[in-house]
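Here is the structure we will look at.
The values are calculated or read from the model by the stated rules, or taken from the named source; none is laboratory data. As the structure is a computational prediction, the values presented were derived from the model and not from experiment. Glycine also receives a Cβ, built like all others from the backbone with ideal geometry; neighbour counts cover every protein chain displayed. Each accessible area value is taken on the protein alone, full model and side chains, heavy atoms only, with ligands, DNA and RNA left out. Shrake-Rupley method; radii C 1.70, N 1.55, O 1.52, S 1.80 Å.
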Amino acid sequence: MTHWFHRNPLKATAPVSFNYYGVATTPAASKICNDLRSSRTQLLELFTDLTCNPEVMKNATDSYFSLLQGFINSLDNSTQESKLRYIQNFKWTDTLQGHVPSAQQDAVFELISMAFNVALWYSKYASRLAGKENITEDEAKEVHRSLKIAAGIFKHLKENHIPKLITPAEKGRDLEVRLIDSYIIQCQAEAQEVTIARAIELKHNPGLIAALAYETANFYQRADHSLSSLEPTYTVKWRKYLHLKMCFYTAYAYCYHGQTLLASDKCGEAIRSLQESEKFYAKAEALCKEYGETKGPGTTAKPSGHLFFRKLGSLVKNTLEKCQRENGFIYFQKVPTEAPQLELKANYGLVEPVPFEFPPVNAHWTPEILAAFDLTKRPKDDSAKPKPEEELKPIKEPDIKPQKDSGCHIS
């Protein structure tokens, strides 16, 4: 399923030296600063390393975040913040807003921004893995889990850390609730796509597949709605993707619901359900073309070229023809003018984000080391706000080469 998922670009950041000459007054304090610099650099390099896997990523994130926690939390587990929280200025771009960064003199801003990139990495890793030829069951499970981990990180940032920022997120920026909600919901929806592919592969009950597809379509609709009040210049391409996926899974829901109705001898209603499926499939096809022609941030997915996409078109056509034949020979039922209301609830297979927690403060942080930072020696810093013309170089992300499409079979 190479290029099945739309992905926005990674956030770019300015280098941070963590050099506090005169402020870090002991070798141990200087060593912690060196460790912070090297662990941050290593983590940033892993974002574009195609050999990186979740285990390597987790080790690198735990290393950096545990050290960074010493700049945020007190060492005695009290509610007090670290005296170092505001010592360093951090600059990060946003996934949709180009190369001019936001800047905050706040270690919490760094924690959130870096973790946001980690969540994006998990979603991109899942997308790359899903693009492999002849994906195995274990790999499909890893795709599923990676998307749930990404959703869990976004959710944790939204609920526990973004509210702690002294400077609230600007409208249309990554840390604003409308955007982060869309990222959470999209990851959940894409994880459910893996569940649906698996359920179809194992020929599960059509009622369950219809319900899962309906719930997934609703997820995509919610993600799209969350972006609806944002500046279209930045969101139009992403929204086209969310809308086409909503139409695609609505078509799936009506198709499998039609099979359920036919099995219950409701052939007239089944025909109407299949006609509605045909309509939504045609909408999804049209939106694929529009999406491909729309300019905007992010990689361009190519869903209409996939066997998984085309298979649905054939399935809808063949099932509708079967229903019409049987209605002409056996049932002679009237086809309703109104499409059936989909009030389907999936009891199995619904995706919840994997709960995420940051690691505790690194054991190298001690009261003695913290005391060795003398903030009275700190030079005045007036670079907290980026200059209007200042831009950060975007992260060069590796190209994903399309492979032969396997139709999302999970062997």
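Quick notes
- Residue among ALA107, ALA140 that is assigned by the TED database to the domain that holds ALA14 and in contact (Cβ under 8 Å) with a residue 40 or more places away in the chain: ALA140
- Candidate set from segment 64-85 (those that are open to solvent by less than 80 Å² (accessible area, probe 1.4 Å) and without any contact (Cβ under 8 Å) to a residue 60 or more places away in the chain); member that is farthest from LEU111 (Cα to Cα): SER78
- ARG272 being out of contact with any Gly (no Cβ under 9 Å at 6 or more places or on another chain), charged (D, E, K, R) and either closer than 25 Å to ARG145 by Cα or buried (at least 21 other Cβ atoms within 10 Å of the Cβ) (or both): no
- Which listed residue is within 26 Å of GLY172 (Cβ to Cβ), open to solvent by 10 Å² or more (accessible area, probe 1.4 Å) and under 23 Å from the mean Cα position of the chain (by Cα), from GLN88, GLN104, GLN97: GLN97
- Of all residues in segment 247-269 being among the aliphatic types (A, V, I, L, M) and either part of a loop (DSSP other than H, G, I, E, B) or open to solvent by less than 30 Å² (accessible area, probe 1.4 Å) (or both), the one that is modelled with the lowest pLDDT: LEU262
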